[in-house]
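The values are calculated or read from the model by the stated rules, or taken from the named source; none is laboratory data. What you see is a predicted model; the values in this text were computed from it and never measured. Don't worry about glycine lacking a Cβ; one is built from the backbone with ideal geometry, like all the others, and counts go over all protein chains shown. Ligands, DNA and RNA are excluded from the accessible area calculation, which covers all protein heavy atoms including side chains. Shrake-Rupley method; radii C 1.70, N 1.55, O 1.52, S 1.80 Å.
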Amino acid sequence: MTIPNDLTHIAFDADDTLWGHEHIFVDAKSRCTELLQPYLSPEMDLEKELYRFERKNLLIFGYGVKGFVLSMIETAIELSNGRITGFELQQIIDLGKEMIAHPIELLPYVEEALAQLGQYYTLLIITKGDLFDQENKIARSGIAHHFTHCEIVSEKTAATYADIFRRHQIDPGKLLMIGNSLRSDVLPVMEAGGHAAHLPYKFTWHHERVGEGDLTSSYFRPESLEQLTHQLLAIQSS
């Protein structure tokens, strides 16, 4: 596909697009599995059970570390038949605190891309999750100054994007959304009339995966953020 030559806005997802994030959850699940091992029978699949609670609790707790920890505690209580100790539950809570305080590690070429693209395009962050946690990560990232708007939403749907476009008076046909999730960063943006580029991260949470039948060929698949940045800059110099 050819990138439109009249783009005015570029929006970035945050977690797993600007900085790594899902690997923190992968590590936390591994550590919780080790913690709960004495309570697990051979046929129990902790990750599957945790995801069941996470999906059930999304409408209550929302996305992010806090919701994950609460779901993990609920999972631990059920799988242990209530036998898990207060000390072990405290370890899960402490793990959540550790996750929230985890250093922000920018992904390759992010700083260079923002510095270069910001000369020609209006840059936005559109991310979902816990408001306090996301604001904290954006502040600690050291890159907030590159963005004109930072939108933190509870869910990413076509209606969510349409509302953002309307409030900021953005022509959706002149916006490119860059993100790691087909479900959240690509499909709903295109449904709202925008363009999207998919930059997958090394880990993808179950909830963000989509079936082959949901995919479309109308989004961009760059090999890297560096390649995409060079393509966008080439348009400006042509």
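Please specify each residue of segment 106-134 satisfying the condition of being modelled with pLDDT under 95 and at negative phi.
Lys128, Asp130, Leu131, Phe132, Asp133, Gln134
Is one or more of the residues making up segment 8-19 surrounded by fewer than 17 Cβ atoms within 10 Å (Cβ to Cβ), out of contact with any His (no Cβ under 7 Å at 6 or more places or on another chain) and within 26 Å of Pro188 (Cα to Cα)?
Yes: one or more hits.
If Lys156 passes every condition in (1) more than 19 Å from Pro200 (Cα to Cα); (2) crowded, with 18+ Cβ neighbours inside 10 Å but one, which one does it miss?
Condition not satisfied by Lys156: (1).
Provide a single number: the residues in segment 199-238 that are loosely packed, with under 15 Cβ neighbours inside 10 Å and at pLDDT below 65.
Number satisfying all stated conditions: 10.
Which of the residues belonging to segment 158-191 are closer than 19 Å to Ala14 by Cβ and not in a helix (DSSP H, G or I)?
His168, Ile170, Leu175, Leu176, Met177, Ile178, Gly179, Asn180, Ser181
Residues of segment 51-77 being small (Gly, Ala, Ser) and touching a residue at least 40 places away in the same chain (Cβ under 8 Å), which ones?
Of everything in segment 51-77, those that are small (Gly, Ala, Ser) and touching a residue at least 40 places away in the same chain (Cβ under 8 Å) turn out to be Gly62, Gly64, Gly67, Ala76.
Answer yes if at least one residue in segment 66-76 is closer than 27 Å to Ile126 by Cα, open to solvent by 60 Å² or more (accessible area, probe 1.4 Å), touching a helix residue (DSSP H, G or I) at 6+ places or on another chain (Cβ under 8 Å) and not basic (Lys, Arg), and no otherwise.
Yes, some residue in segment 66-76 is closer than 27 Å to Ile126 by Cα, open to solvent by 60 Å² or more (accessible area, probe 1.4 Å), touching a helix residue (DSSP H, G or I) at 6+ places or on another chain (Cβ under 8 Å) and not basic (Lys, Arg).
Considering only residues of segment 101-137 that are of a type in the set (Asp, Glu), part of a helix (DSSP H, G or I) and more than 15 Å from Gly64 (Cβ to Cβ), which is least open to solvent (accessible area, probe 1.4 Å)?
Step one: list which residues in segment 101-137 are of a type in the set (Asp, Glu), which gives 105, 111-112, 130, 133, 135.
From what is left, the residues that are part of a helix (DSSP H, G or I) are 111-112, 133, 135.
Adding the requirement that they be more than 15 Å from Gly64 (Cβ to Cβ) leaves 111-112.
Numbers: Glu111: 111, Glu112: 87 Å².
The residue in question is Glu112.
Pairs under 8 Å by beta carbon, first residue in contact (Cβ under 8 Å) with a residue 12 or more places away in the chain in segment 151-180, partner in a helix (DSSP H, G or I) and of a type in the set (Gly, Ala, Ser), six or more apart or different chains?
These pairs meet every condition: Lys156/Ser184; Pro172/Ala162.
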